[in-house]
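What follows is one structure encoded as structure tokens, with my remarks underneath.
Read the figures in this text as sums done on the coordinates, not as results from a lab. Just so we're clear, the structure is a prediction, and the values are computed from it rather than from any experiment. Cβ atoms come from the backbone with ideal geometry, glycine included; neighbour counts cover every protein chain shown.
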Amino acid sequence: MSASIVVVSGPSGSGKTSLCKALCDKNGRYFLSVSTTTREIREGEQDGVDYNFVSREQFLEEIENNNFIEWAEVHGNFYGTSKKDIERELAKDNTVVVDIDVQGHRNIRKAFPNITTSVFVTTENMEVLNSRLSGRGTDAAEVIQKRMINALGEMRNINEYDYLIINKEFDNSLEKLTAIAKSSRYIQTRFDLEDFFDKWKNI
């Protein structure tokens with residue numbers, strides 16, 4: 001079995017979500033985990049594609065039923081990762097790509113320590129990040145300020161990740177992420193090495 005999980009984290013505006021979607025669009029064995037959230041749907045987004053949009057009451061019910069591998073409150077909204085969806089795709093021997101925050105990465109690595117590879121995506125500096133957030137035209141100035149403050153906290157946790165991608169040019173970053181995702185299926189920690197060696201020497 002070579003199923004794997006690739007966790008991608010980074011500041012809002014770093015381009016991580018676009019990279020994850022492009023990775024899964026071009027590779028049939030990759031499944032993009034769609035998070036569940038209580039935030040309002042934005043123009044151009046689709047329910048079930050960008051996020052599973054639910055009410056706060058529905059989300060709390062899912063927590064009660066232990067249906068999330070991880071969940072967190074970010075910028076006043078809840079976000080969670082479905083346990084059922086990930087386990088279903090792993091059973092199909094697929095690579096599950098999870099676009100998630102730093103705390104979510106910790107929880108997923110704890111739940112699946114031997115099959116998780118993590119990537120942190122960021123911009124070359126704060127100025128570029130602020131420019132990207134402002135250029136979206138979807139957030140008020142105070143929301144952008146909160147995201148910038150949150151980005152500083154996230155950047156301090158880069159050392160917890162296996163790989164770092166500085167997203168200057170999208171196609172180049174996608175090439176790097178694709179290479180990482182492919183290699184994630186062959187990390188030796190996923191194998192029972194003692195069993196493998198016993199079988200190997202008996203051939």
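Order these by the 10 Å Cβ neighbour count, fewest first: Leu133, Leu90.
Taking fewest neighbouring Cβ atoms as first place, the list is Leu90, Leu133.
I want to verify the translational diffusion coefficient of segment 51-99 in µm²/s; compute it with Stokes-Einstein, Rh as the Kirkwood radius over Cα pairs, at 25 °C and 0.890 mPa s.
On the way: Rh = 11.8 Å.
In µm²/s, the coefficient rounds to 208.
Counting only C-alpha contacts under 8 Å and six or more residues apart, can you give the relative contact order of the chain as a whole percent?
32
Rule-of-thumb check for the chain: C-alpha Rg over 2.2 N^0.38 Å?
The reported ratio for this selection is 1.07.
Which percent, to the nearest 5, of DSSP beta bridges fully inside segment 61-203 are antiparallel?
If we restrict to bridges inside segment 61-203, about 60 percent are antiparallel.
How do Glu70, Glu40 line up, fewest other C-beta atoms within 10 Å first? Numbers along the way, then the final one.
Working: Glu70 20, Glu40 8.
Fewest to most other Cβ atoms nearby, the residues stand as Glu40, Glu70.
Which length gain, in nm to one decimal place, applies between Ala141 and Glu43 when the Cα-Cα distance is subtracted from 0.36 nm times their residue separation? If you can, show how the numbers build up before the last one.
Working: separation 98, 0.36 × 98 = 35.28 nm, distance 1.84 nm.
Full-extension gain reported as 33.4 nm.
Treat the count of other C-beta atoms within 10 Å as a stand-in for reagent exposure and order Val7, Val49 from fewest to most.
Ranking Val7, Val49 by Cβ neighbours within 10 Å, fewest first, gives Val49, Val7.
Suppose only helical runs count, i.e. DSSP H with n ≥ 4. What mean residue ellipticity at 222 nm does that imply for the chain under -39500 (n - 2.57) per run, divided by all residues and rounded to the nearest 500 deg cm²/dmol? All intermediate terms of the calculation are to be shown ahead of the outcome.
Numbers: 8 runs with 87 residues, N = 203.
For the chain, the value works out to -13000 deg cm²/dmol.
Structure shown: which of Lys92/Lys182; Lys16/Lys110; Lys84/Lys182; Lys16/Lys176; Lys26/Lys182 lie over 18 Å apart, alpha-carbon to alpha-carbon?
Lys16/Lys110; Lys84/Lys182
How large is Rg/Rh for segment 1-120, to two decimals, with Cα atoms and a Kirkwood Rh?
Rounded to two decimals, Rg over Rh is 0.94.
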